[in-house]
Amino acid sequence: MLAERPYRANRRGLHAADRAYMRDTIRTKQPVISEPFLTNIGDANMVGSLPGLDVHWGLGFGLVFCLVTYVLVKHTTYGFALRIVGGNARAARLAGLPVGAIVLAACALGGAAAGLAGMVEVAAVHGSANASLIAGYGYAGILVAFIARQNPLAIVPVAVLVGGISASGGMLQRRLDLPDATVLVLQGIAFMLILASETVYGRLKIFRPERA
Amino acid sequence: MTELGWWGVPIAVLGGAVRVSTPFLFVSLGECITEKSGRINLGLEGILVMGAMSGYALSYITGSPWLGVLGAGVAGLGLGLLHGLVCNLPRVNDIAVGIGLMLFGTGLAFFLGKPYVQPKAPTLPAMSLGGWSGAPQVQAALEVNPLFLIGIGIAVSLGWAFRNTRWGLIVRMVGDSSDAARAMGYAVPRVRTLCTGVGGFLAGIGGSFLSLYYPGSWSEGLSSGQGLMAVALVIFARWNPMRCFYAALLFGGAGAVGPALQSVGITSGYYLFNAAPYVVTLGIMIATCSPRRTLAGAPGELSINR
């Protein structure tokens, strides 16, 4: 095994014994070349914590982005056009909207949000771009948007809930001696149930909006 | 040992294509059936991992890798039917449920597969088709797994069945116009559920190839998005089973370019060449699509086309 970046106290992700090359070494009893030596971005370049809190600035970025998106989608002409395109692209084209440009702009904004999340992951959590960044946040994020019913403000509580479930993994592992994949199973079951419960929306009385 | 020199590159690419393409082939055939019936199952990634785990575990317990393959298929069938049944409920989005199933499948596989990371299970045998050649590189490239040949057989018969059988016609009709199918008296939800189940079965078998042949062990980093890429390959192949096979071969071959070049001494850009399959797929997709029409052969009932 080649040298690897020294252990950092605040690093998260796979335990050394869980990493693929370590497992291969244990299983095959042969030396395995580890991932390339990774450089750290340095503490001076890290994103710090919110003042007075133990939470890094990523939360602030997220909240601001949600608010901006909410205003953009619900209270601007671009947002109105976007909702028309999403509702019926053909009707939008008949109304003379530049459908391609609107969709392209929406995709670019979505990409910007995801890129910002990646930046926060590197600059506030990991300190370097390594393979443990691949943690399925992208897929879970798509589901968060579905469960929030495409409402940017509803994304905040849903995302906090999903993130909380993910973060409880370590606790489950220590206290109850469950494997860390328990969290994934829990998340999967929760997502499947919530998405399937979409079918009772509007059928049960408590979900029915009051008609004035 | 014969020296092949530069000829080693295309031979190694061919060998890589044969070795790597099987899981892509099975998953994209499964997705092809599912999408022909008008549903998208993005959960095939989870089914693939679940199939890899259950195949490896069954092979370890029973000592027979073929029982493992069957078990992987049955596990995939179960998850596929789950997706099909959940999506039968009105107003449930099949893409969202698919992503949920992906998380659920991988999570369940990691959860149940913890005890099988260490033990060594019996793996599938390889068939040597390169005995006629003296060059060891050619022989290594033509080490074929029986599952690869089965996959070709399924692709051919599936393409034939879609064109020439009553069942194929029913599936295509359900996928192109559920109203027409309902008017003819066919139960649209049942056909779609069955198609999703069969698709899951094939994806599970694709997963068992990963854990029982190449790379040939079960670990949590086993699948690196093969299931999702196979879904893209179906669109790339325009919902045609035979073209799914070619697309899987092309994808596997493009992935083998980096290691092949490395073997003749070109090591710069190794990680860049690892991105070659994705670049090739994206490039061809962009080159062949048009904003003015939907893709030829696309089932009309797919939620992305409606």
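Filter segment A:147-162 down to the residues that are within 14 Å of chain B (Cβ to nearest Cβ) and either within 17 Å of A:ALA117 (Cβ to Cβ) or surrounded by fewer than 17 Cβ atoms within 10 Å (Cβ to Cβ) (or both) and list them by number.
From segment A:147-162, those within 14 Å of chain B (Cβ to nearest Cβ) are A:147-150, A:158, A:162; that's our starting set.
Result: A:ALA148, A:ARG149, A:GLN150, A:VAL158, A:VAL162.
So which of B:GLY131, B:GLY63, B:GLY84 is under 23 Å from the mean Cα position of the chain (by Cα), more than 9 Å from chain A (Cβ to nearest Cβ) and more than 19 Å from B:PRO215 (Cβ to Cβ)? Steps first, please.
Values: B:GLY131 fails: under 23 Å from the mean Cα position of the chain (by Cα); B:GLY63 fails: under 23 Å from the mean Cα position of the chain (by Cα).
After ruling out the rest, the residue left standing is B:GLY84.
Starting from residues that are in a helix (DSSP H, G or I) and open to solvent by 60 Å² or more (accessible area, probe 1.4 Å), keep the ones in segment A:85-100 and report whichever is farthest from A:TYR137 (Cα to Cα). If you could, list the steps in order and put the result at the bottom.
First, pick out the residues of segment A:85-100 that are in a helix (DSSP H, G or I): A:85-87, A:89-94, A:99-100.
Checking which are open to solvent by 60 Å² or more (accessible area, probe 1.4 Å) leaves us with A:86-87, A:90, A:93-94.
Values: A:GLY86: 24, A:GLY87: 27, A:ARG90: 33, A:ARG93: 34, A:LEU94: 37 Å.
That would be A:LEU94.
Considering only residues that are open to solvent by 40 Å² or more (accessible area, probe 1.4 Å) and more than 15 Å from B:GLY297 (Cα to Cα), which ones fall in segment B:229-256?
Once the filter is applied, which keeps residues that are open to solvent by 40 Å² or more (accessible area, probe 1.4 Å) and more than 15 Å from B:GLY297 (Cα to Cα), segment B:229-256 yields B:TYR246, B:LEU249, B:LEU250.
Kindly check whether there is at least one residue in segment B:216-226 that is closer than 18 Å to B:THR22 by Cβ, touching a residue at least 60 places away in the same chain (Cβ under 8 Å) and in a helix (DSSP H, G or I). Before the answer, list the steps.
Of segment B:216-226, the ones closer than 18 Å to B:THR22 by Cβ are B:216-218, B:222-226.
From what is left, the residues that are touching a residue at least 60 places away in the same chain (Cβ under 8 Å) are B:216-218, B:222-223, B:225-226.
Going one step further and asking which of them are in a helix (DSSP H, G or I), we end up with B:226.
Within segment B:216-226 (the criterion being closer than 18 Å to B:THR22 by Cβ, touching a residue at least 60 places away in the same chain (Cβ under 8 Å) and in a helix (DSSP H, G or I)), the answer is yes, since at least one residue qualifies.
Would you mind stating whether A:ASN40 is in contact with a Lys or Arg (Cβ under 8 Å, 6 or more places away or on another chain) and either open to solvent by 50 Å² or more (accessible area, probe 1.4 Å) or at pLDDT below 75 (or both)? Can you show your working first?
Numbers: in contact with a Lys or Arg (Cβ under 8 Å, 6 or more places away or on another chain): yes; either open to solvent by 50 Å² or more (accessible area, probe 1.4 Å) or at pLDDT below 75 (or both): yes.
Taking the combined requirement at face value, the residue satisfies it.
Looking at A:ILE165, A:ILE142, A:ILE189, A:ILE155, which is the one that is touching a residue at least 40 places away in the same chain (Cβ under 8 Å) and either touching a helix residue (DSSP H, G or I) at 6+ places or on another chain (Cβ under 9 Å) or among the polar types (S, T, N, Q) (or both)?
It is A:ILE155.
Does B:ALA109 fit the bill of being closer than 30 Å to B:GLY15 by Cβ, open to solvent by less than 20 Å² (accessible area, probe 1.4 Å), within 21 Å of the chain's Cα centre (by Cα) and within 14 Å of chain A (Cβ to nearest Cβ)? Let's see the steps before the verdict.
Values: closer than 30 Å to B:GLY15 by Cβ: yes; open to solvent by less than 20 Å² (accessible area, probe 1.4 Å): yes; within 21 Å of the chain's Cα centre (by Cα): yes; within 14 Å of chain A (Cβ to nearest Cβ): yes.
So B:ALA109 fits the description; yes.
List the residue pairs whose Cβ atoms are under 6 Å apart, where the first residue sits in segment A:119-133 and is buried (at least 17 other Cβ atoms within 10 Å of the Cβ), the second is in a helix (DSSP H, G or I) and at pLDDT 80 or above, and the two are 6 or more positions apart or on different chains.
Pairs that qualify, where the first residue is buried (at least 17 other Cβ atoms within 10 Å of the Cβ) and the partner is in a helix (DSSP H, G or I) and at pLDDT 80 or above, are A:VAL120/A:GLY58; A:ALA124/A:GLY58.
Please verify whether A:ALA108 is within 29 Å of B:GLY98 (Cβ to Cβ), of a type in the set (A, V, I, L, M) and at pLDDT 95 or above, treating the condition exactly as stated.
The answer is yes for A:ALA108.
Confirm whether B:THR34 is surrounded by 24 or more Cβ atoms within 10 Å (Cβ to Cβ) and in contact with a Lys or Arg (Cβ under 9 Å, 6 or more places away or on another chain). Steps first, answer last, please.
Values: surrounded by 24 or more Cβ atoms within 10 Å (Cβ to Cβ): yes; in contact with a Lys or Arg (Cβ under 9 Å, 6 or more places away or on another chain): yes.
Taking the combined requirement at face value, the residue satisfies it.
The values are calculated or read from the model by the stated rules, or taken from the named source; none is laboratory data. Please read all numbers here as calculations on a predicted model, not as lab measurements. For neighbour counting, all protein chains shown are included, and Cβ atoms are generated from backbone atoms with ideal geometry for every residue, glycine included. Note: accessible area is taken over every heavy atom of the protein model, side chains too, but ligands, DNA and RNA are not part of it. Shrake-Rupley method; radii C 1.70, N 1.55, O 1.52, S 1.80 Å.
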